Amino acid sequence: MTIKSISTNIGKALLINAFFMFIAIVISVIEGFDSGFTPLAISFSVTFITGMFPFIFVKTEPSATLQSGFMTIVLSWLLSFVFGMLPYVLWGGEFTLINAWFESVSGYTTTGATILTDIESLPKSILFWRSSTHFIGGLGVIVFLLMVLPDSSAVKLRLTHLELSSLSKEGYRFRSGTTARVMVGVYCALTTCLFLLLWAAGMSPFDAVNHAFSTVSTGGFSTRNMSIMHYDSVIIDIILTVFMILSSMHFGTLFAIAVKRSFKPLGNSVTRYYLSIIAVISIIIMLSLKLQGGYESWGKALLDSTFQTASYISTTGFGQADNALWPLLANTLLIFAAFHCGCSGSTTGGIKADRAYISIKAIYGEFQKRLHPNSMFRTRINGRILDEETISSVFLYIVLYLFTALVSFTLVLICGISVGDAFSGTIASLGNVGPGTGALGTMGNYSAMPATVKFIFTIDMFFGRVEIFPILIVLSMIFKKDK
């Protein structure tokens, strides 16, 4: 593990942050030097100088090792959190130190949970920076795993597999570097298309670009206190629903659809499973809203149920209705969606549809083996046989995920939080969803949570974003006796 390699790659990450801070400064100037100018100018200077520092002393690009790759990923996230909170702390208002940390971590991990009670009181420059952390974080989780790590054969292939399940790579088989460029292209193309559609649907250009950043990164920060409910527009609701679902699908699948000009890639079994889950949950919630929730119109019930299902399962977390007023069945299904989440190869968190589908197929296969001991039944996905190592790694991750949730839930309960808020807050934070249920629902926020609980939730967000393994590997490297 080389310090030079780690420092230069972290420097690149900080310079990306500085670039978006500079754009926010330009917005402040356009707005007549709003109150965000000085905090952003200071933050930009500190971040830019720190990011440039390694390049002053490192003349040549050092080669990265597997260990330095993992360390780079974890430290890049952590330092982005720290430097990203500077504009908040310097601006003041509701941003105490722990609140600024919470908002920064929530932004970069694309969780979208907020401590703000009056979002619209923030200047546009700070609002843009807030949404930019989503855009950086959503893109970063892909780029770091595929571009920062060494290109050496099996090493990078194994790490790529951690983030991009081979189950959703049909018609999408490139080398790691090409894969990264294609996914960045899809990410930026989705953002541009959504910005234009939202602008055409009635949003201001500023609101449109901020919500495009939040949607495609599956983050959920809004520029409005009432989130998407503020616009009261069926067209905007439908556009965002479609793009939340698209952004939570494997970007390779979207690329294949665009290149082949065919919807055949949607025939992938994981994609069909994921879309079916969305449809089933939406229909059940629609029935619950109409029969138990006091909705008078079937159309309104369907729109709200589909939007919020897409919002939770994609981990975007936008609010288009107040789910604190919804029946228990509807909220229970939303929590399940927050636990399940979208596909690998996207910017979503949670267990992910790929792992859920593999586990279901594996459990079914085990039943078949028990019923027919002499059979040669093998677990297959899209006609391909899954090896035991893949299946065991899926179950290992699910167990680690549940264990992390249990530990977090217990710690939050010890802090005196109610069972409902502790459970929904833990699931929403670990899954990078943002809103939970009740006081932490779509129209709520995390401002009333004690500082300790806010910090615990930020740890959950970080674990959920990098998918646990990299953090555990770095911790084992730190505490391993034989360095």
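The values are calculated or read from the model by the stated rules, or taken from the named source; none is laboratory data. All figures in this text were calculated on a predicted structure; none of them were measured in a lab. Positions of Cβ are generated from backbone atoms using ideal geometry, with glycine treated the same way; all protein chains shown enter the neighbour counts. Protein only, heavy atoms only, side chains kept; ligands, DNA and RNA dropped before computing areas. Shrake-Rupley method; radii C 1.70, N 1.55, O 1.52, S 1.80 Å.
So for each of 199-209, 455-465, 82-92 I average, over its residues, the number of other beta carbons within 10 Å; can you give me the resulting order with the highest mean first? All intermediate terms of the calculation are to be shown ahead of the outcome.
Working: 199-209: 16.4, 455-465: 23.7, 82-92: 21.2.
With the highest mean Cβ count within 10 Å placed first, the list reads 455-465, 82-92, 199-209.
What does the charge add up to near PRO327, with Lys and Arg as +1, Asp and Glu as -1, over the other residues with Cβ less than 14 Å from its Cβ? Could you put the intermediate results ahead of the total?
Working: positive: LYS290; negative: ASP304, ASP322.
Neighbour charge sum, excluding PRO327 itself: -1.
Take the alpha-carbon centre of the stretch 315-364, take the same for the stretch 368-391, and report the distance between them in whole Å.
26
Starting from the Cα gyration tensor of the chain, multiply each eigenvalue by 5, take the square root, and state the resulting semi-axes largest first in whole Å.
Details: eigenvalues 202, 179, 97 Å².
Value: 32, 30, 22 Å, ordered largest first.
Express in whole angstrom the spacing between the alpha-carbon centres of the stretch 197-275 and the stretch 276-308.
Here the two parts' Cα centres lie 19 Å apart.
For the stretch 73-83, take each phi angle, set θ = phi - 60°, evaluate the Karplus expression 6.51 cos²θ - 1.76 cosθ + 1.60, and give the result in whole Hz per residue in order, putting x for glycine and proline.
4, 5, 5, 4, 4, 4, 5, 5, 4, 5, 6
Label points 7 Å out from Cα along the Cβ direction at SER35 and PHE57: separation in nm?
For the pair SER35/PHE57, the computed spacing is 3.9 nm.
Given the pairs LYS369/LYS480; LYS290/LYS454; LYS12/LYS480, which are separated by over 30 angstrom at their Cα positions? Mind showing how you got there, number by number?
Numbers: LYS369/LYS480 41 Å; LYS290/LYS454 35 Å; LYS12/LYS480 28 Å.
Over 30 Å apart, Cα to Cα: LYS369/LYS480; LYS290/LYS454.
Starting from the 7 Å offset along Cα-to-Cβ, what nm value, one decimal, do you get for the label separation of MET376 and LEU78?
5.1
For the stretch 406-483, what is the convex hull volume of its Cα atoms per residue in Å³? Don't skip to the end; give the middle numbers.
Numbers: hull volume 7.1 nm³, N = 78.
Convex hull volume per residue, Cα atoms: 91 Å³.
Name the long-range amide H neighbours of ILE381: under 5 Å, sequence gap of 5 or more, or other chain; modelled H, no Pro or chain starts.
Counting only residues 5 or more places away or on other chains, the set is LEU386.
HN-Hα J couplings of the stretch 273-280 from phi, Karplus 6.51/-1.76/1.60, θ = phi - 60°, integer Hz, Gly and Pro as x?
Listing the rounded values in order: 4, 5, 5, 5, 4, 4, 5, 5 Hz.
On a 1.4 Å probe surface of the protein chains, which of LYS480, LYS352 comes out largest in accessible area, and what is the full order?
Details: LYS480 115, LYS352 5 Å².
Final ranking, largest accessible area leading: LYS480, LYS352.
By how many nm would the segment from SER447 to LEU15 lengthen if fully extended, with 0.36 nm per residue of separation less the alpha-carbon distance?
On the way: separation 432, 0.36 × 432 = 155.52 nm, distance 3.06 nm.
Separation in residues times 0.36 nm, less the Cα-Cα distance, equals 152.5 nm.
Short version: ³J(HN,Hα) in whole Hz for each residue of the stretch 112-117, in order, from phi by Karplus 6.51 cos²θ - 1.76 cosθ + 1.60 (θ = phi - 60°), x for Gly and Pro, what are they?
Residue by residue, the stretch 112-117 yields x, 6, 9, 9, 6, 9 Hz.
Less than 12 Å from a label point 7 Å out along the Cα-to-Cβ axis of ALA189: which backbone N atoms in the stretch 260-296 qualify, by residue?
260-262
Which order, highest average first, do 105-111, 228-234, 329-335 follow once you tally other Cβ atoms within 10 Å for each residue and take the mean per peptide?
Details: 105-111: 32.1, 228-234: 16.6, 329-335: 21.4.
Sorting 105-111, 228-234, 329-335 by mean packing, highest first, produces 105-111, 329-335, 228-234.
Tell me the mean residue ellipticity at 222 nm calculated for the chain from its helices only (DSSP H runs of n ≥ 4, each -39500 (n - 2.57), averaged over every residue, nearest 500). Working shown, then result.
Values: 19 runs with 315 residues, N = 483.
Taken over the chain, the calculation gives -22000 deg cm²/dmol.
If packing is taken as the average number of other Cβ atoms within 10 Å across a peptide's residues, how do 387-393, 421-427 rank, most packed first?
Values: 387-393: 12.9, 421-427: 23.9.
Top of the packing list down: 421-427, 387-393.
Leaving out ligands, DNA and RNA, what percent of the accessible area of the chain is carbon and sulfur, probe 1.4 Å? List each step's numbers first, then the result.
Details: 13840 of 19940 Å².
Of all accessible area on the chain, carbon and sulfur atoms account for 69 percent.
Under a 1.4 Å probe, what is the accessible area of the chain per residue, stated in Å²?
Details: 19940 Å² over 483 residues.
Per residue, the chain has an accessible area of 41 Å².
Pairs of alpha-carbon atoms within less than 8 angstrom and 6+ residues apart define the contacts here; what relative contact order does the chain have, in percent? Don't skip to the answer; put the middle values down first.
Numbers: 790 pairs, mean separation 80.6, N = 483.
Value for the chain: 17 percent.
Under a plain spin-label model, where a point goes 7 Å from the Cα along Cα-to-Cβ, how far apart in nm are LEU413 and ASP322?
Simple spin-label model gives 3.0 nm for this pair.
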